[in-house]
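Contents: one structure, followed by commentary.
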Amino acid sequence: MEETNEWRLICAPGGWVRATDQDMKVYMRLRETGSGPAPRLNVHTVVMESETPISTAVWRQVPFEDIERFANDPRGILNDQPGGWNPPRTALLTPTDVEPVAIEDLERHFGTAEELAQHDAASNPVPHPNGLFLTDWKPADPGERPERLARPVGRITDDFLADLARSYQWLVAKGYTSPSTMLGEEMQTSVGNVRRWVSTARKKGLLPPGRPGRAG
């Protein structure tokens, strides 16, 4: 096991590297690219597990360039290796009879090759912000409409907030873009009141956190 900065590396046959730091564990597979007597090893497959939500900032912490430089150093990670022998590189280039994991296995988890080809070429995916498109997605049936709410009188109770949350979520699932407006009309109260109640329901964990630009 070698160490680069604060990341600990283990190299295994088949081009696999296990890289860990205090919070993250990354499995990556390096493959030979180019030609010549010493083709370069580059990362082609990555699977990450993190204690914190994975974001762009988290990805930037993974030392891909350092690991590739380490794997391709002809002197080895230790400068006193005789004959320029790099034991980790030798391990990476050693074939393996049994694949520990394959991208094909992950692909099969989502469908057959034909099904995935159709999804990738779908002409009517569901659009999302930032150029994301969701294919083969069907909203779950929210079931019957919860009992319509009456305008509360007096103190706002947890029971009322729970009923409000159920009605709010049902409207969202049915595709209404302004559920607070709908509820305000039904209860004959202002949208401002409904939004305050919805905010209170979120704080109590009866509804998930709101997102900018989403239904309100």
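The values are calculated or read from the model by the stated rules, or taken from the named source; none is laboratory data. Please read all numbers here as calculations on a predicted model, not as lab measurements. The area values use the complete protein model at the heavy-atom level, side chains included, leaving out ligands, DNA and RNA. Shrake-Rupley method; radii C 1.70, N 1.55, O 1.52, S 1.80 Å.
A few comments on the model shown:
- Per-residue surface analysis assigns HIS109 an accessible area of about 150 Å², computed on protein heavy atoms at 1.4 Å probe radius.
- Applying the Karplus relation 6.51 cos²θ - 1.76 cosθ + 1.60 with θ = phi - 60° to the stretch 26-32 yields 3J(HN,Hα) values of 10, 9, 9, 10, 9, 10, 6 Hz, where x marks Gly and Pro.
- Computed accessible area, ASP159, all protein chains, 1.4 angstrom probe, square angstrom: 120
- Sequence-ordered 3J(HN,Hα) estimates for the stretch 191-207 from the Karplus curve with 6.51, -1.76 and 1.60 and θ = phi - 60° stand at 4, x, 4, 4, 5, 5, 5, 4, 4, 5, 4, 5, 4, 8, x, 7, 9 Hz, glycine and proline given as x.
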